[in-house]
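Every read-out reported here was derived from the displayed coordinates using simple, explicitly stated rules and does not represent laboratory data. These numbers were taken from a predicted model, which means no experiment stands behind them. Backbone-built Cβ (ideal geometry, glycine too); neighbour counts: all protein chains shown.
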Amino acid sequence: MSQPTTRDRDTSSADGLPIAYVPDRPRMRETPEQLRARIPGWGADLDPADRPSHPKLQYSPDSTGAHWRFPERQAGAEGRERSIEHAFVTPVFGTAQPLHGVSGMIRRLAYRRYSEARFGHWLLLIFGDRVDAWGSHLRSFATLHPDNPITQTGIRSELSASGTMRRGRSDRRHHLLDPVIVAGPWVIAAGGLVLGVRRFRRRAAG
Amino acid sequence: MRAMTYRGPYKLRVEEKDRPRIEHPNDAIVRVQLAAICGSDLHLYHGMMPDTRIGHTFGHEFIGVVDEIGSSVQHLQVGDRVMVPFNIFCGSCWFCARGLFSNCHNVNANATAVGGIYGYSHTTGGYDGGQAEYVRVPFADVGPVKIPEWMHDEDAVLLTDAAATGYFGAQLGEIAEGDTVVVLGAGPVGLVAAQSAWLMGAGRVIVVDHLAERLEKARTMAHAETLDYDEYEDIVVELKQQTDHLGADVVIEAVGAEADGSCLQHIAAAKLKLQGGSPVALNWAIDAVRKGGTVAVVGAYGPIQSAVKFGDAVNKGLTLRMNQTPVKRQWPRMFEHIRNGHLTPREMVTHRFPLEEIGEAYHVFSAKLDGCIKPLILPSAS
């Protein structure tokens with residue numbers, strides 16, 4: 001069914017005043033019967049008390065599937081980073097990508113020094129992220145599987161499907177910035193390398 | 001196994017990783033059959049979420065087959081086909097005992113303000129996600145549910161987050177019969193929020209976005225009126241005029257941290273990471289709702305502060321309601337709605353990518369190329 005993209009602007013008050021300026025209740029533009037006929041399932045969850053998330057706190061510890069009061073503790077918690085707002089490392093925790101290297105030191109400092117309430121906690125974690133990324137990029141060049149900005153950014157999809165791929169872009173307001181963000185560090189690194197090589201050659205020649 | 005891995009902002013690749021192993025007696029290992037990219041994955045992809053480590057595997061929307069179970073698992077068996085809520089939760093802490101599964105206190109050592117989420121950085125616990133051939137699923141007796149025989153796989157995978165979050169957003173709005181409901185964002189969450197608003201008795205549903213194909217989907221899938229904010233100098237004024245200067249009774253904010261609509265805010269948040277998210281949609285919600293109305297926030301934001309117009313929220317006497325969705329709490333009723341055809345999440349799926357093309361999948365979704373609304377990922381082992 002075709003639906004309107006905008007509504008006609010009638011006013012709901014009898015004397016022509018916009019409804020916000022008079023005490024009248026807004027009228028429904030369609031009756032419940034009309035809505036029920038047009039919208040599949042209209043009103044099926046009409047009763048707020050019968051909605052899944054009502055009430056906000058629904059005390060029912062026996063219905064969750066848990067068969068413990070406190071979970072058995074996962075091995076390996078010693079030395080794992082944790083928020084200082086926690087009493088201890090949680091009984092179950094993720095083990096992906098444990099802290100390592102310089103980025104690990106920065107992140108560990110963020111966890112040990114600052115609570116989640118402190119801006120410094122998050123700034124250090126973001127700084128650690130960037131150090132991690134740069135270190136990983138550099139290390140990848142010493143492997144048989146170096147980082148490849150062409151394949152890893154998915155930029156090839158810009159060229160596929162010809163004109164249809166251009167439809168509906170959301171990033172047109174800021175797309176001039178994106179290459180700077182993505183390619184900028186690579187260009188700076190390449191420039192630094194070129195300058196370094198030139199300086200080395202001059203010294204070697206001199 | 002093959003798995004998507006993060007290599008830094010805007011960079012991903014598929015790598016060979018060790019198959020996950022049982023690390024706790026109530027763990028299961030699930031072989032992923034179908035996964036999805038969530039709009040909130042783009043915040044990780046763009047480097048906005050603190051403590052996103054190189055090598056991390058994203059993916060909190062997935063379904064699959066139980067491949068191995070820990071010694072204390074009672075409710076699942078190897079071979080069961082399961083859908084896994086994006087929340088990791090223990091079922092027994094103070095919060096889980098009260099139905100706040102998304103706020104579990106026993107699964108995220110890295111933060112107390114957010115529970116555990118698959119593949120969503122170490123800020124949500126440091127668990128690898130489901131954009132891979134296998135994934136570790138903690139608390140197998142609490143989270144996963146066997147997929148009903150009648151349910152379509154694409155509906156099942158969307159129920160693990162996007163669809164459940166849309167339905168939850170409408171509930172947070174406390175919609176009463178006849179209410180005018182504005183949904184900001186016609187992405188997967190906003191589309192289901194709009195459908196759900198009708199179920200709760202809305203008298204009008206208006207969806208706001210600026211992407212033509214999404215607004216079209218809001219009209220056809222969610223039977224909503226639509227507004228393209230690019231067509232108006234000030235979308236808040238238009239919404240006031242649309243509602244007789246009253247404002248909407250309920251606004252559901254289904255956009256989150258990378259809201260367009262203000263280049264300056266977008267750069268400050270998405271590019272320079274100076275805010276936890278661009279507050280454009282949230283501020284529009286505060287401005288467009290009527291005094292005494294309700295703003296429901298289901299858009300995802302990072303933990304750093306954002307420039308939210310809190311004074312207007314106070315002065316208007318608003319009720320602000322928000323949370324990560326306690327997904328499993330929504331499922332029994334949502335299963336009914338899907339079976340009855342009241343909710344139709346798989347209508348929003350536009351793209352299906354093999355795992356090996358994960359870089360292209362994220363770029364297409366991120367830049368909204370080719371009319372992309374919801375991309376699914378097919379792991380090679382499935």
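Brief remarks follow.
- Given 12 as the ceiling on other Cβ atoms within 10 Å, longest exposed-site-free region of chain B for GluC sites (Glu not before Pro) in DSSP loops: B:234-382
- Net charge contributed by nearby residues that have their C-beta within less than 13 Å of B:Asn87 (K/R +1, D/E -1): 0
- Over 33 Å [Cα-Cα, the protein assembly as shown], rounded percent: 43
- Counting every pair of alpha carbons in chain B, the share spaced more than 40 Å apart comes to 10 percent.
- Neighbour cut-off at most 11 other Cβ (10 Å), DSSP loop, chymotrypsin sites (Phe, Trp or Tyr not before Pro), the stretch B:124-232: B:Trp150
- If you wrap the tightest convex hull around every Cα atom of the stretch B:278-327 and split its volume per residue, you get 79 Å³.
- Violating pairs (Cα-Cα greater than 29 angstrom) within the set A:Lys56/B:Lys11; A:Lys56/B:Lys271; B:Lys240/B:Lys374; B:Lys11/B:Lys374; B:Lys217/B:Lys328: A:Lys56/B:Lys11; A:Lys56/B:Lys271; B:Lys240/B:Lys374
- Per-bin percent of Cα-Cα distances, the stretch A:99-147 [10 Å]: 29, 42, 21, 9, 0
- Cα coordinate range in the stretch B:229-285, projected on the principal axes (Å, largest first): 39, 22, 12
- Average beta carbon contacts from partner chains per residue of B:44-56, 10 Å cutoff: 6
- Once the Cα atoms are used to define both axes, helix B:327-339 deviates from the longest principal axis of chain B by about 80 degrees.
- Positive minus negative residues near B:Ile37 (Lys, Arg vs Asp, Glu; Cβ under 12 Å): -3
- Across peptide A:78-88, the average count of Cβ atoms from other chains found within 10 Å of a residue's Cβ is 3.
- Across the stretch B:166-322, Cα-Cα pairs more than 21 Å apart make up 38 percent of the total.
- Environment charge at A:Gly192 (Cβ cut-off 12 Å; Lys +1, Arg +1, Asp -1, Glu -1): +2
- Those aspartates and glutamates that a straight Cα-Cα span of less than 16 Å connects to B:Lys291, excepting residues fewer than 8 apart in one chain: A:Asp24, B:Glu174, B:Asp179, B:Asp244, B:Asp249, B:Asp312
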